[in-house]
Each structure stands twice: as C-alpha cells, then as structure tokens.
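Structure, as structure tokens:
The values are calculated or read from the model by the stated rules, or taken from the named source; none is laboratory data. This is a predicted model, so every value here is computed, not measured. Please note: Cβ atoms are built from the backbone with ideal geometry, for glycine as well, and neighbour counts cover all protein chains shown.
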Amino acid sequence: MAAKPQSDHDKRKQISIRGIAPVENVGNVKKSFNRHLHYTLVKDRNVSTPRDYYFALAHTVRDHLVGRWIRTQQYYYEIDPKRVYYLSLEFYMGRTLSNTMVNLGMQSACDEAMYQLGLDIEELEEIELDAGLGNGGLGRLAACFLDSMATLGLAAYGYGIRYDYGIFTQKLENGWQLEEPDDWLRYGNPWEKARPEYMLPINFFGRVEHQDGSAKWVDTQTIFAMPYDSPVPGYGNNTVNTLRLWSAKAPNNFDLRFFNNGEYIQAVCDRNLAENISRVLYPNDNIFEGKELRLKQEYFLVAATLQDIIRRFKSSRFGCRDSVRTSFDTFADKVAIQLNDTHPSLAIPELMRILVDIEGIDWEKAWTITVATCAYTNHTVLPEALERWPVSLLQRVLPRHLDIMYEINQRFMDLIRTKYPGDNDRLRRMSVVEEEGEKRINMAFLAIIGSHAVNGVAAIHSEIIKTHTFKDFYEIFPERFQNKTNGITPRRWLLLCNPGLSDVIAEKIGENWVTQLSELRKLEPFANDENLLRQIMKVKQENKMKLAAHIQQKYNVTINPASMFDMQVKRIHEYKRQLMNCFHIITLYNRLKSNPTMTFVPRTIMVGGKAAPGYYMAKLIIKLINNVANVVNNDPIIGDRLKVIYLENYRVSLAEKIIPAADLSEQISMAGTEASGTGNMKFQLNGALTIGTLDGANVEMREEMGADNIFIFGMTVEEVEELDKRGYVPRVYYEKNAELRQVMDQINTGYFSPENPDLFKDIFNSLMHTDRFRLLADYESYVECQDKVSELFKDQMAWAKKCLYNIAASGKFSSDRTIGDYAREIWGVEPTDIKLPAPHEKADPDTV
Ligand SMILES: *Cc1c(COP(=O)(O)O)cnc(C)c1O
C-alpha cells in the first residue's frame, strides 16, 4: 500500500518544538475559540466568515499572553532592573498570530483544535494583515530585536509610532509599480491595547523666552500622544515585553477660536491636521526627505517616549519613588536608550531640555547623563540617506531644540579647538551646523557627540564608518566606536516559516538551536550523511512545489519545480543592483536564443521589492524587469528553461513564504554600499546558497561557512577605491565584452519595449555615464560566477552538501547573539535564560 502523503496538518503537529497537544489543551482552545466567536465576534457558525474565525483564534491566543504580560511588568517593577529602550521610527512586525503560537508553544494545540472544528489554520493565518510599519531591513531588524530581547529576558521596551497606514501595498499594472494605501487597521487590531489614560502632551512651534539665565519654551501648540501597547512574548520563557506605539490625538481644546457654527465645524474638522502626525509611514528606504511632517513624527516619538521613560524612572526604586525630589545621578545606571539610526536622535536635545530646563540640572551634569544614556546605531554610509535638517525648519518647529543643538555644537567646537588649534578646516568638517548652502543640522554628527557608543551593523561597515564616513569623529572618540553585526530571529525565520526543515534539523541535533543557534554547528559532522542531505533536499523540493503552486495561481505562470529558484528580494535601489541581475537574465536569454540546443541549467529567477514612490530610476528598473519577464516567459524557444517572476508586494509575510523555497540568494550590492543586509542571513538559514559581493554581512557569512560554500565575485571595497582613483570609464567594459554590449544595446534600442523604443534609454545612459555603483565593472565577474553556480547545480548532492554547511554556519546571525552583544557591550545589562513562572491559567476566566 502506498504511503499516504503527509498533510500539512500532520506535519505541523508531530514535533514538540511547536508545543504539545494533549486532549486537555485542545479542548480548552476549542472552548475559548467558541466563546470568543460568540461573545467577542458576536457571531454563530452559520454566519461566520473566515475573518471571524481568524479573530476568534487571535483572541484565544491573546488570552494566553495576558497573565504573562501583567506578571512580567509587575516583576520588572519589583526588581527594578536597568531598562532598555529601543527607539525606532519603524517596526516591521509582519503577522503576530503564528509568531505568538510558536513562542508560547501552543501551535500544535491550536492546529489540532482548528482541525477538529473543521477549519484550516493556515487559511486563517493568511487572513491576518501584516503590521507593515517599516520599509525594509532597518524596520525588520527592530522587530527581530524585540523578539530576541524578550527571549533573553531583558527589561526592554520598543517605542515607535502607530501609523494608520504602513508601507504601501504594491500593485503592478502593465509592469509599472502602483501604490495603494495600506489600511491595516480596517478590521481592528486584536494584538494592541489602547491606553488613553497614559496620554501625554507634545509641544511644537512657539518661541523661547530667556529670564535670569534659564530658558522657557512658550506659546507652543500642543498635541497629545496616545499609547497603544502590543505584547512581545519571548520564546518559551513566560516573558512578555511591551512594544508601545504612539498615536496622535488632537486635544479637546484644539483651536477654540470659533465664533459661529461654520467655524466650529471647521475647528472639529481641523483636528485631523493635528492627528496627521501619525497618519502614514514615509516610504523611503535609505533616502532622506526633509519634510516638516517627518520632522514632527521624529520629535513626536522622542518627546512622548522620553516623558514615559522619565515617569517610569521617577516611580522606580532608584528614581526614589518615596522621596520628593528625584535624583538623576542614577539615571544612566537605570536607563539605556538605543537610537535606531538618527531618526530618533532628537532624543539627545530633548533629554537635555528636560534635564536643564525642567529639572533644573546644570548643563555639564545633564550632558554627562545624556551621553551615558544614549547610544546610536548607524545603518548606512550613502550620503543621500544621512539626515541633515534645515535650520530654518527647526527654528520654526522646535526653536528650543535648535538653541540646545547650537549650544552642544559650540561646546564641541571648543573641544576640537583645544585639541587641534588652528585647524579651521577640521572645525568646518566636524561642525554639527553645516554652513555651506542652506544651513543644516547634521544629525549623525549630533548623535555621535551625544552618545557613549556608536555602532555599525557589520564588521566591514563598522570599519568604513571609522575610516571614511566619520573618520574625524573616530579620531577624538575612538572608544565610542563599536561593531554589532546584525542578526535575525530564528523563531520567525526558521521555526515558523520552514517547519519541514526545522523538523529535519531537530531530528538530527535536538531543538536547543531554537534559542542557541550556534548549535547548528552540530550538523557539520553529517556533511557526508547522504540520508540527511536527501532529507534537506526533499524539504526544499516540497517548499518549491508549494511556491510553484502559489505562482501558478497568482501569476498564471507555470514554472519548472526542478529549475533553480534564484531570488533577489529587497527594496529596489540602484546600489543593490537589481539591474545587474536583470542583465544576467538577458544574457541567459540571448545565449538560449542564439544556441537553442545548448545544455542549460533551468532557472526560475524571481525578483521582488518596492521602490520609493518618488524614486524614478527604481520604478523604471521594475518596469524593465517586468518587460524582460514578458519577453522571456512567452518565447517558445525558451520553454520552461528560463522563467522570470516579479513577486508583487514583497513584505514580511511574503518573505516567510518564498525564502524557504530558494536555491540561490542574490546579494550583489556594490562593495561598500550595503551596511549589513539581513535578507542574506534569512536565505542562509533556510539552506539557500549565496551569490554575492564582499559587502555587508556577506563578508562574515563567508568567514563562518568557508569560501568554498559561497559564490563571491566582483570588486572588493579596496578595488572599488582603486577604480575610483584610476577613473571609472564604463565604455571600456562595454567595448570589451560582447555579451554585455548586446544587453546594453537591446536596452538602448527598445528590444524589451518595442512599442516605446526610448523607454529604457535613461537606464542605458545612467550606466554609461554616471553610474555610482559601477555595474559594468562587475558584470563579467558576476556572469562568470553565475556560470559556476549553474555548473554546481547539476550535481545535486554536492549542492546539498554546501546547503548543509550554510545552515550549520548561520549561528552567528541569530539576533539573540546580536542582542547579547548590545546588552553586554553597550547597555550594561546581562541577558538571562531565566524562565519566569507561568501564571495560573484557566481557559475560561469567566468561570473562575
Ligand atoms: C529581511 C527583509 C528585508 C531586508 O532585506 P535586505 O536584503 O537585507 O535588504 C526587507 N524587507 C523585508 C520584508 C524583509 O523581511
């Protein structure tokens, strides 16, 4: 008798890392689910929609967080540990339901309960909208850090903005990107709890009054910040931390100057203006846009958060909750503030304002406290991404903060003058206040001066900021500069998204890797275990089949599941060089066209990612890839040997679906431009091989797995610098390489846009004249390297062995390791594996 194929349901319930499913647990989940369907959703099963079932399940799971959440916060109040505050304008959380079930170990019980109720849990999980409060890597890093901070038992808080609209939904129309607003709160958010009782006032505009040596910020406009709390459960430890997101609320006395009915109506309507502060996430990745609304968002987050931090400090034991006057002497011992890029760097002048203007502390002492409290993470060296706010804007919106930033700069310039007398050029270079052109405040300089620690996000990036970007600052503050290589949470990015691979690994080495990812090294001795290699390949094949079915259904394209799944998914940016990938696609196409019977290793090349709505070149690149896909996918000579798929609306939940199905991960930025990358780590952890440059964390990935297990090509940072010195002349490469010339000419003459031959001329011209990212210089090396990738793919066992080495070497890239490093080397706190006692739970609290 043939073995019955295992259903997803069977697969998900068999292993204990997804929790145990005794009859009692299953029964409780079913009871609670039915109760929520009735009392919370107010539905019966005759009229329930799948969304009702999702919400009933979400509330059921949420109930299990409540006791743990309250107890964790009580525990922090009682033992009063040093608190860590992670401030970020972005938290790219994705979905919450499956992550909560995984971290609480109740996935099997829920799975079985839904099955018994005749529901498909995977279908319900699909209903949840992503919390897309981020653009890309920076926002997703913040989300991974929350998971790791809770798992490591840190008394940590995420602070951000509750945008009504997250990152836009990307639609493709005729190959062009269209943006639709992301109305993610439309059906309500079961994971958040509004806390209107903790609403705080935030001031803008006004002017500064000086009287007998002290400053007063007066005549301001006040807006309220209302907190919404979301639980952040640790994995298997009963810790539940808080992500607090602020929403803008107009005060009830907002604009009371009305004299007639019409003005009253207008005044009520104008409340929207104030509340627009938290309306929408700015959709820029690695680009600074100096808009007033964005500045207000940044200050709104910082001002609300610092009030909260200081309130909590004052009510704590060490803030002297019993005494009349708070001593701030211990502030930096009890509070660590991490700035996720310069976006929240107004925290530095805001903390100074509170300490000096409100608490009456003298400047020197306040400055010592501020520097000891704050730390700054740099995320990019691209000059167009560095925040430089016009002084005229700051003068209007935050006049007191501008004064304070001037004062900080004055004192810093005095320090430089004593250290380097007469070096006026150095003063000019290092001034927080830029005097050339429109006067601006350089926020990175401010953040470095106001922090005790400054870190890059991968070893190579941390070196570049010391030797290039912030060289002058490294010279005076060498002890401040650190590296903290990024990481990803293995819960979401392996256990949750790839249960098949998780099971294969757990069967071989147990399940400690879920919280000790370096345990994956224990797989290395099995590199020649053919049985294991076959199991890994089998899981990969199953994941590929599932994705192929999804693509068939969504795009009506039939892909060959035996082909190599070659993926580049990330924000569309010239520095990430999606164009070079596209050039490789066209090269393969041209080869097949000129030699249709050649031996060819079939590939399905998938590209996905959003372009900033105002980024012309990025949007044109999307259109080009789509046009190339159209030509390639519909050419009978090509058949199923080469397919190109543009994955629409790349986001966290889509990443979870596609990454487990990847054979090849494209990480091909110009060396020296990608600070770290974290997409690269997700692919490695899921057993894809990488083709990449020696950029960002790719460098450390190679160190961990050995150079034989990764496909490295192209110029190094040093070689890019040498080329710059010699002078980059794109035409040289164009003339030398016939395949490259053919691709360039096809783009220039409308081969992929016959209806509009000039459509892609800007791409040709940019590559031929001003390309900052040296695409033509790396093309040949890239294509040669891709040929080696194809060659290896023919030998599936040799390929699988390298996959195993990739998985085994991914331990360093757990965000648990990253957070452990931040904790010990920046925050001065100790990670623990202490498990808090579980609260006494009843499935049905109303029967207690
Ligand atoms: C991980 C992730 C990113 C970051 O990808 P990079 O390749 O490091 O730029 C961006 N977007 C989403 C949805 C992600 O999950």
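Considering only segment 150-167, I want to know if a residue exists there that is closer than 17 Å to Ala655 by Cβ, small (Gly, Ala, Ser), within 15 Å of the ligand (Cβ to nearest atom) and outside any loop (DSSP other than H, G, I, E, B). Within segment 150-167, none of the residues are closer than 17 Å to Ala655 by Cβ, small (Gly, Ala, Ser), within 15 Å of the ligand (Cβ to nearest atom) and outside any loop (DSSP other than H, G, I, E, B). Within segment 465-496, the residues that satisfy the criterion of being in contact (Cβ under 8 Å) with a residue 60 or more places away in the chain and in a helix (DSSP H, G or I) are Ile465, His468, Thr469, Ile476, Pro490, Arg491, Arg492, Trp493, Leu494, Leu495, Leu496.
Looking at segment 303-319 only, could you name the residues that are basic (Lys, Arg) and either buried (at least 23 other Cβ atoms within 10 Å of the Cβ) or touching a residue at least 60 places away in the same chain (Cβ under 8 Å) (or both)? Before the answer, list the steps.
The initial filter retains those residues of segment 303-319 that are basic (Lys, Arg), namely 311-312, 314, 317.
Within segment 303-319, Arg312, Arg317 qualify.
Within segment 697-716, can one find any residue that is within 22 Å of the chain's Cα centre (by Cα) and in a loop (DSSP other than H, G, I, E, B)? Within segment 697-716 (the criterion being within 22 Å of the chain's Cα centre (by Cα) and in a loop (DSSP other than H, G, I, E, B)), the answer is yes, since at least one residue qualifies. Meeting the requirement of 3 or more residues that are surrounded by fewer than 21 Cβ atoms within 10 Å (Cβ to Cβ), the helices (runs of 4 or more DSSP H) wholly within segment 343-438 are 363-373, 391-397, 399-419, 424-430.
Working carefully through the options Thr693, Thr678, Thr673, find the one that is among the β-branched types (Val, Ile, Thr), within 11 Å of the ligand (Cβ to nearest atom) and buried (at least 21 other Cβ atoms within 10 Å of the Cβ).
Details: Thr693 fails: within 11 Å of the ligand (Cβ to nearest atom); Thr673 fails: within 11 Å of the ligand (Cβ to nearest atom).
Among Thr693, Thr678, Thr673, only Thr678 is among the β-branched types (Val, Ile, Thr), within 11 Å of the ligand (Cβ to nearest atom) and buried (at least 21 other Cβ atoms within 10 Å of the Cβ).
The condition (being farther than 19 Å from Phe793 by Cα, more than 16 Å from the ligand (Cβ to nearest atom) and modelled with pLDDT of 95 or more) is satisfied by just one residue among Lys576, Lys570, Lys546: Lys546.
Across segment 294-302, not a single residue is classified as assigned to a loop (DSSP other than H, G, I, E, B) and either crowded, with 18+ Cβ neighbours inside 10 Å or in contact with a Gly (Cβ under 7 Å, 6 or more places away or on another chain) (or both).
Scanning segment 700-724 for residues that are over 22 Å from His584 (Cβ atoms) and within 16 Å of the ligand (Cβ to nearest atom) turns up just one, Glu700. Restrict the check to segment 616-630 and report whether at least one residue is out of contact with any Pro (no Cβ under 6 Å at 6 or more places or on another chain) and not in a helix (DSSP H, G or I). Within segment 616-630, none of the residues are out of contact with any Pro (no Cβ under 6 Å at 6 or more places or on another chain) and not in a helix (DSSP H, G or I).
Test Gly206 against the criterion of being on the phi > 0 side of the Ramachandran plot and either within 16 Å of the ligand (Cβ to nearest atom) or surrounded by 20 or more Cβ atoms within 10 Å (Cβ to Cβ) (or both), and give yes or no. For Gly206, the condition - on the phi > 0 side of the Ramachandran plot and either within 16 Å of the ligand (Cβ to nearest atom) or surrounded by 20 or more Cβ atoms within 10 Å (Cβ to Cβ) (or both) - is not met. When Ile668, Ile637 are checked against the criterion of being farther than 24 Å from Ser518 by Cα, touching a Gly at 6+ places or on another chain (Cβ under 9 Å) and more than 9 Å from the ligand (Cβ to nearest atom), a single residue qualifies: Ile668.
Got a sec? Which helices (runs of 4 or more DSSP H) wholly within segment 81-127 have at least 3 residues that are more than 16 Å from the ligand (Cβ to nearest atom) and under 30 Å from Ala304 (Cβ atoms)?
Numbers: elements: 97-104, 107-116, 121-125.
Those helices (runs of 4 or more DSSP H) span 97-104.
Pairs are defined by a Cβ separation below 7 Å, a sequence spacing of at least 6 or placement on different chains, a first member in segment 663-681 that is over 16 Å from Thr818 (Cβ atoms) and acidic (Asp, Glu), and a second member that is more than 11 Å from the ligand (Cβ to nearest atom) and assigned to a helix (DSSP H, G or I); the pairs so defined are Glu666/Asn581. Within segment 189-222, being touching a residue at least 60 places away in the same chain (Cβ under 8 Å) and over 18 Å from Pro349 (Cα atoms) holds for Pro190, Trp191, Tyr198, Leu200. Checked against the criterion of being surrounded by 13 or more Cβ atoms within 10 Å (Cβ to Cβ), at pLDDT 95 or above and over 28 Å from Asp708 (Cβ atoms), segment 775-784 has at least one qualifying residue.
Evaluating Asp52 against the criteria (1) surrounded by fewer than 22 Cβ atoms within 10 Å (Cβ to Cβ); (2) charged (D, E, K, R); (3) within 30 Å of Pro344 (Cα to Cα) leaves one unmet condition, (3).
Condition (residue is under 18 Å from the mean Cα position of the chain (by Cα), of a type outside the set (Ser, Thr, Tyr) and within 30 Å of Leu393 (Cα to Cα)) applied to segment 191-200: is it met by at least one residue? If you could, list the steps in order and put the result at the bottom.
First, the residues of segment 191-200 that are under 18 Å from the mean Cα position of the chain (by Cα): none.
Within segment 191-200, none of the residues are under 18 Å from the mean Cα position of the chain (by Cα), of a type outside the set (Ser, Thr, Tyr) and within 30 Å of Leu393 (Cα to Cα).
Given the condition part of a strand (DSSP E or B) and touching a residue at least 24 places away in the same chain (Cβ under 8 Å), answer yes or no: does some residue in segment 259-278 qualify? Show your work before the answer.
Within segment 259-278, the first condition is being part of a strand (DSSP E or B), and the residues that meet it are none.
No, the conditions are met nowhere in segment 259-278.
Taking segment 723-814 and the helices (runs of 4 or more DSSP H) fully enclosed by it, the elements with 2 or more residues that are out of contact with any Gly (no Cβ under 9 Å at 6 or more places or on another chain), under 30 Å from Met537 (Cβ atoms) and touching a residue at least 60 places away in the same chain (Cβ under 8 Å) are at 775-793, 796-808.
Of the listed requirements (1) surrounded by 24 or more Cβ atoms within 10 Å (Cβ to Cβ); (2) closer than 25 Å to Leu624 by Cα; (3) within 11 Å of the ligand (Cβ to nearest atom), Val644 misses just one: (3).
Of the residues making up segment 11-44, those that are surrounded by 13 or more Cβ atoms within 10 Å (Cβ to Cβ) and at pLDDT 90 or above number 17.
Does Lys554 fit the bill of being part of a helix (DSSP H, G or I) and at pLDDT below 95? Let's see the steps before the verdict.
Values: part of a helix (DSSP H, G or I): yes; at pLDDT below 95: yes.
It is true that Lys554 is part of a helix (DSSP H, G or I) and at pLDDT below 95.
No other residue among Gly672, Gly677, Gly687 is part of a loop (DSSP other than H, G, I, E, B) and over 30 Å from Glu384 (Cβ atoms) apart from Gly687.
Here is a yes/no grid of residues against (1) closer than 29 Å to Leu402 by Cβ; (2) within 16 Å of the ligand (Cβ to nearest atom):
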| position | (1), (2) |
| --- | --- |
| Gly456 | yes, yes |
| His461 | no, yes |
| Ile464 | no, no |
| Thr467 | no, no |
| Phe470 | yes, no |
| Phe473 | yes, no |
| Arg480 | yes, no |
| Ile488 | no, yes |
